[in-house]
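The values are calculated or read from the model by the stated rules, or taken from the named source; none is laboratory data. Values in this document were obtained by computation on a predicted structure and should not be read as measured data. Quick reminder, even Gly has a Cβ in these numbers, built from the backbone with ideal geometry, and neighbours come from all protein chains shown. Accessible surface is based on the protein model in full, side chains and every heavy atom, while ligands, DNA and RNA are left aside. Shrake-Rupley method; radii C 1.70, N 1.55, O 1.52, S 1.80 Å.
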Amino acid sequence: MILGVFKLTSCGGCQYSILDLGKSLLEQKIFYFTEISSSNLWHTFDVAFVEGSVTNDDEKELLLKIRQKAKFLVALGACAVSGGIQAIQRSKKDKGLIFYSYPLSDFVSVDLELRGCPVKSEHIEETLFSLSVGSVPYFPDYPLCIECKRKGNPCLMITHKILCLGVITQGGCGALCPSLNRGCYGCFGPVKGANLKAFFRCALRMGLTEEKIREIIMNSFNGYHQIFRELYDK
Amino acid sequence: MTNKIDFLTRVSGLANLEIIAEDNLLKEVRFSVRETPRLIEKLLLGRSYKVIPEITARICGICPVAYQLTALQAIEDAFGIKPTKEDLSLRKLIYLAEWIYSHTLHLFFVHLPDYYKVNSFLELFQIERELLEKAFFLRETACRIIEKLGGRAIHPLSLIPGGFSSYPDSLSPLIDPLRNSLKIAEELFTKLCSMTFPEFSLSEVQFVSLLDEDDYPILDGIIYDGKRKIDKRSFRDYFLEVERPYSTANHSLTKEGKPYVVGPMARFEHAFEKLSPRAKELATKHGIIPPVDNPFLSPLIRMLEIVHSVELALEIAKGYIKPKKVPQELKPSEGEGIGITEAPRGILWHHYKFDSQGLITHVNIVTPTSQNLASIELALFKSLSKEKGLEEASIRNRAETMIRNFDPCLPCATHFLEISIKKLD
């Protein structure tokens, strides 16, 4: 398959996860990946991976061009999926700032979103494998709680009164944070159908203020995800 | 005449190069970083100290552990807590793993293709398959160490103020891969020593690194510029940040207004004697001893630091016993804290002030790459002055190769600027 890897505004961590493919990278034809190659060609890409969020007109144009050239466009990680940590500067407290950061889907149609800050390299592998055999990759579409239960972790919210975003966060990481004895901070972004109202009720009962809960969601690296946006108007 | 090279390749992040010449005589070289500033410092203001390690980690996806550990040192400094010996030893282990990860990534997958005159490591695979397979093994080992301690290789999760949120039961699965890695790293160093490197001298710049009484510097230490020893609290008195209108990254200079270099070359210069036994032995055997002021030799020094890191990591892993303790209770109080460590690319300095609730009232982060940018421009100027034609095709390669000697990380260098950005419609 012909691949292109592109970076917009981000920390650069997700694209290097592609190197985790190791030797099997050699089976791919990488035509565009400026961070590892000096030979970069615009071509019709079977798969284009785009890391980072859109923060200026140049990036917007670049993204539109990638979309034109890509048969299958993958948003790689929390910046591309939600606008990243840089997008939280829309929150009330920081309104004085002129800074914008948008997810890719605000401008183009995205064929697949790989969640996480950073993405999980197994998910990149799964994507390439599925596409190469003409199939569609499948990733968990259930909340992180399911993974925690499978691992047999006691619930941190119930047993330790530690706030955990797992209940509103999409699974896929394997419940990493709760397994390390800390609450999930939401880097895989909100799960479809997340019940924010119930989550707020629960967190309020733990003694947090509504403003504090909103701030914790903003800090999730996915604070500007479509599902969370209604929180900004409050 | 201005010659502009858009999209420098095989550097971490986005940058251009502008070459300004008059009558074919080089006047100025501008290394202009094009990364959008993400204003990470600004967005920390008013937030709790608790989010600092997670949020500052996102300044860089190649060296997040450096940001987390430097931030933790600053937080612990502010609130007066001391991590235990066991915790410091484990922090050192995860930091050494990041050095291996970052150096391997840069040296073999970004930099080495230059020395074979190929476009990428993918092409290099056709020539040096075995060598790159070894490099993949080193990278893999480093990832497994960070995963074992922190849950995942990039942006790990267990590093918290006062210690670790959780400890692995055992590190014994790391011992065999580390033993193999040590052998591999030694072989790779020997292999690299057989290559030829261009001659070049950058003797006019100062090297600045940390000094640690007992160790090759990594987790802590006093700043040393070759003449003076400087406490981390006086960093700002000796080093200045200046804006460059053509770049979204600041440049750092000494207070005398001179460029300086941080990173592997500076550490090697000041702490050669404290390298691990195997690293020192190998270096001496191959005549790689200070002073080394040729940036083209930086791959050898990075490789030596990989040998050193693997050897030390192996020792720590062998001696690991799971600590019984739980993280120390931390009470926020009004105050300020400073953290300084040696990131893979050099000195990383964090400064925070907190109110009585532990909310951040001031933040300033100085990154290794911003400290090196002025020296990169100087090295480019010196290197390109020797070129006859100043056309893109002829200088692109030479300029990029020089830049890669310094392993710049541009998202790091760009995190802090306070500028207004064009609004998107």
Inset, instruction - Examine the range A:101-123 for a residue that is among the charged types (D, E, K, R), out of contact with any strand residue (DSSP E or B) (no Cβ under 6 Å at 6 or more places or on another chain) and closer than 30 Å to B:E147 by Cα, and state whether such a residue exists. - result: yes
Inset, instruction - Tell me which residues, restricted to the range B:226-247, are over 24 Å from B:A71 (Cβ atoms) and not basic (K, R). - result: B:G226, B:V242, B:E243, B:P245, B:Y246, B:S247
Inset, instruction - Please work out which residue is most open to solvent (accessible area, probe 1.4 Å), limiting yourself to the range B:118-138 and to residues that are farther than 17 Å from B:L182 by Cβ and out of contact with any helix residue (DSSP H, G or I) (no Cβ under 6 Å at 6 or more places or on another chain). - result: B:Q126
Inset, instruction - Determine if the range B:176-199 includes at least one residue that is at pLDDT 95 or above, under 30 Å from B:S252 (Cβ atoms) and either within 14 Å of chain A (Cβ to nearest Cβ) or surrounded by 21 or more Cβ atoms within 10 Å (Cβ to Cβ) (or both). - result: yes
Inset, instruction - Restricting attention to the range B:47-63, report how many residues are at the interface with chain A (Cβ under 7 Å from one of its Cβ atoms) and either in a helix (DSSP H, G or I) or open to solvent by 10 Å² or more (accessible area, probe 1.4 Å) (or both). - result: 3
Inset, instruction - Scan the range A:97-112 and give yes if some residue there is surrounded by fewer than 13 Cβ atoms within 10 Å (Cβ to Cβ), at pLDDT 95 or above and in contact with a Ser or Thr (Cβ under 9 Å, 6 or more places away or on another chain), otherwise no. - result: no
Legend entry - Residues satisfying the stated conditions in the range B:15-46, i.e. within 14 Å of another protein chain (Cβ to nearest Cβ), assigned to a loop (DSSP other than H, G, I, E, B) and out of contact with any Pro (no Cβ under 9 Å at 6 or more places or on another chain): B:R34, B:T36, B:P37, B:L39, B:L45, B:G46
Inset, instruction - With respect to A:L156, determine if the residue is of a type in the set (A, V, I, L, M), open to solvent by less than 30 Å² (accessible area, probe 1.4 Å) and closer than 25 Å to A:E210 by Cα. - result: yes
Legend entry - Selection from the range B:118-170 of residues that are at the interface with chain A (Cβ under 8 Å from one of its Cβ atoms), in a helix (DSSP H, G or I) and basic (K, R): B:R139
Inset, instruction - From the list A:S220, A:S179, pick out the single residue that is within 14 Å of another protein chain (Cβ to nearest Cβ), open to solvent by less than 60 Å² (accessible area, probe 1.4 Å) and under 25 Å from A:D111 (Cα atoms). - result: A:S220
Legend entry - All positions within the range B:225-263 that are among the aromatic types (F, W, Y) and surrounded by fewer than 22 Cβ atoms within 10 Å (Cβ to Cβ): B:F235, B:Y238, B:F239, B:Y246
Legend entry - So B:R144, is it over 22 Å from the mean Cα position of the chain (by Cα) and surrounded by fewer than 23 Cβ atoms within 10 Å (Cβ to Cβ): no
Legend entry - Unmet requirement for B:Q73, which otherwise passes all of (1) over 16 Å from B:T361 (Cβ atoms); (2) surrounded by 24 or more Cβ atoms within 10 Å (Cβ to Cβ); (3) out of contact with any Pro (no Cβ under 7 Å at 6 or more places or on another chain): (2)
Legend entry - Residue list for the range A:134-153, filter: outside any loop (DSSP other than H, G, I, E, B), touching a helix residue (DSSP H, G or I) at 6+ places or on another chain (Cβ under 7 Å) and open to solvent by 70 Å² or more (accessible area, probe 1.4 Å): A:K151
Inset, instruction - Would you be able to say whether some residue in the range B:92-112 is more than 14 Å from chain A (Cβ to nearest Cβ) and open to solvent by 10 Å² or more (accessible area, probe 1.4 Å)? - result: yes
Inset, instruction - Look through the range A:31-47, keep the residues that are in contact with a Gly (Cβ under 8 Å, 6 or more places away or on another chain) and crowded, with 18+ Cβ neighbours inside 10 Å, and return whichever of them is modelled with the lowest pLDDT. - result: A:E35
Legend entry - Residues of the range A:48-63 classified as more than 10 Å from chain B (Cβ to nearest Cβ) and open to solvent by less than 30 Å² (accessible area, probe 1.4 Å), total: 4
Inset, instruction - Can you give me the ranges of the strands (runs of 3 or more DSSP E) entirely in the range B:328-425 with at least 3 residues that are modelled with pLDDT of 85 or more and surrounded by fewer than 17 Cβ atoms within 10 Å (Cβ to Cβ)? - result: B:360-366
Legend entry - Unmet criterion (only one of (1) open to solvent by less than 10 Å² (accessible area, probe 1.4 Å); (2) within 14 Å of chain A (Cβ to nearest Cβ); (3) farther than 23 Å from B:K382 by Cβ) for B:R10: (3)
Inset, instruction - For B:V110, indicate whether it is in contact with a strand residue (DSSP E or B) (Cβ under 6 Å, 6 or more places away or on another chain) and among the β-branched types (V, I, T). - result: no
Inset, instruction - Could you check, for the range B:66-81, whether at least one of its residues is more than 12 Å from chain A (Cβ to nearest Cβ), modelled with pLDDT of 95 or more and within 30 Å of B:P198 (Cβ to Cβ)? - result: yes
Inset, instruction - State whether the residues of the range B:44-53 include one that is without any contact (Cβ under 8 Å) to a residue 24 or more places away in the chain, under 28 Å from B:K353 (Cβ atoms) and out of contact with any strand residue (DSSP E or B) (no Cβ under 7 Å at 6 or more places or on another chain). - result: yes
Inset, instruction - Out of the residues in the range A:9-30 that are open to solvent by 10 Å² or more (accessible area, probe 1.4 Å) and of a type in the set (A, V, I, L, M), state the one that is farthest from the other protein chains (Cβ to nearest Cβ). - result: A:L21
